[in-house]
Amino acid sequence: MSSVLVVVDRPYRGVVERQFADPVQLARVCALQFDSVTVLLTGEGVFLPHVETTAEDERPDPFNPWHHPSVNAIAATGSGIHILIDSAATATFGLPDPGHPYQAATSIDIVNALTTHDHVLYA
């Protein structure tokens, strides 16, 4: 049983980088390839659960470089992807706890996630 941890630290990057690896899309692809997928939101990634989106926004738009599918789309699918959110980064930016289905992660939880998964991808 293989597992992967997708670390999302800087989700808002330039247009060129977004063409090759959108962090939310990377997590969706990993869910198809691995038995267990965990997404760790840290750094600027903790803003993703707080992005207001509609169902129309969740459809990919390759022609709009500013379109960023919400991580809430992953949480809503119930595809078995576990989403951890760095509680220290959340406190640093003064954001409220997003609650279910996001799991607050302390530094010990992050170290455990980094050491227990077979693969670690940084997006």
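The values are calculated or read from the model by the stated rules, or taken from the named source; none is laboratory data. Source: prediction; values computed, not measured. Cβ sites come from the backbone with ideal geometry, for glycine too, and all protein chains shown count toward neighbours.
Here is how the numbers come out for the structure above:
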| item | result |
| --- | --- |
| Segment 1-24, residues that are more than 17 Å from Asn112 (Cα to Cα), part of a loop (DSSP other than H, G, I, E, B) and either modelled with pLDDT under 65 or not acidic (Asp, Glu) (or both) | Met1, Arg10, Pro11, Tyr12, Arg13, Gly14, Ala21 |
| Answer from Ala31, Ala76, Ala113, Ala89 - the residue that is surrounded by 15 or more Cβ atoms within 10 Å (Cβ to Cβ), part of a helix (DSSP H, G or I) and modelled with pLDDT under 85 | Ala31 |
| Residues being in contact with a strand residue (DSSP E or B) (Cβ under 8 Å, 6 or more places away or on another chain) and not in a helix (DSSP H, G or I) - total across segment 92-110 | 7 |
